[in-house]
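Below you'll find the structure, written out as structure tokens, and then a few comments.
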Amino acid sequence: CLLGGSRQIFRCMETDALTRLLSYIGRFILVSFGFVVAVLAACAFVMLLLWGGITGGEEELRRPLGAVAGLSVPVIAAFAAYYAFWPAMAVILLAEWSNRRSWLFHALGGIAIAAAAVVIRANREGLQTPDPAAFAAVLAAGAVGGTVYWLISGRSSGRMLDEVAERRTPTSGS
């Protein structure tokens with residue numbers, strides 16, 4: 001690129017900028033998809049816990065309640081995503097900027113996001129502290145959500161920053 005003259009340098013700069021823009025858009029889509037699937041998984045986990053507790057092993061209750069639980073997961077996930085969005089963005093940005101790719105970081109981040117979402121909801125709606133068993137279930141759901149996010153997006157957190165740093169450092173042979 002550098003030996004081809006000013007027009008060639010401009011074309012290389014355009015290509016690098018376009019490539020970088022497309023990689024940012026791709027990462028944004030992957031992170032968004034990971035967040036949505038993580039919230040759905042966390043809500044499905046809570047519904048499974050509730051479903052097992054409500055049915056109590058009775059077969060005649062499992063089928064109708066299973067259908068209701070399956071249909072209500074997206075609705076509950078929308079509410080959960082509403083309260084968990086800003087805490088999740090803080091954890092996601094921290095993971096991206098600090099190159100945190102470990103499962104443990106994302107699982108603990110999911111627990112912190114779940115706890116923050118419960119506190120945010122309680123403060124906004126003036127609710128009392130939740131039942132300890134329900135709070136533990138929400139924290140466990142946060143760990144499930146963090147793990148699902150790690151499986152989709154978290155294992156590659158910060159890789160774009162590594163690639164940008166590699167492009168900026170000069171090679172030793174040239």
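Listed values for segment 136-147 are Karplus-derived 3J(HN,Hα) couplings in whole Hz (6.51 cos²θ - 1.76 cosθ + 1.60, θ = phi - 60°), namely 5, 5, 5, 5, 5, 5, x, 5, 5, x, x, 5, and x replaces Gly and Pro. Rounded to the nearest 0.05, the FRET efficiency derived from the C-beta distance between L108 and L50 at R0 = 35 Å is 0.90.
The residues packed around A84, meaning those with a beta-carbon under 14 Å from its beta-carbon, carry a net charge of +2 if Lys and Arg are +1 and Asp and Glu are -1. Would you kindly state how much longer the chain becomes between M89 and N123 on full extension, computed as 0.36 nm times their sequence separation minus their alpha carbon distance, in nm to one decimal? So the chain would gain 10.3 nm between M89 and N123.
Note on L94: accessible area is roughly 90 Å² with a 1.4 Å probe, heavy atoms of protein only.
The values are calculated or read from the model by the stated rules, or taken from the named source; none is laboratory data. The shown structure was predicted, so the numbers you read here are calculated from the model rather than taken from an experiment. Counting neighbours? That spans all protein chains shown, and the Cβs are built from the backbone with ideal geometry, glycine included. Ligands, DNA and RNA are stripped out before the accessible areas are found, and what is left, the full protein with its side chains, is counted by its heavy atoms. Shrake-Rupley method; radii C 1.70, N 1.55, O 1.52, S 1.80 Å.
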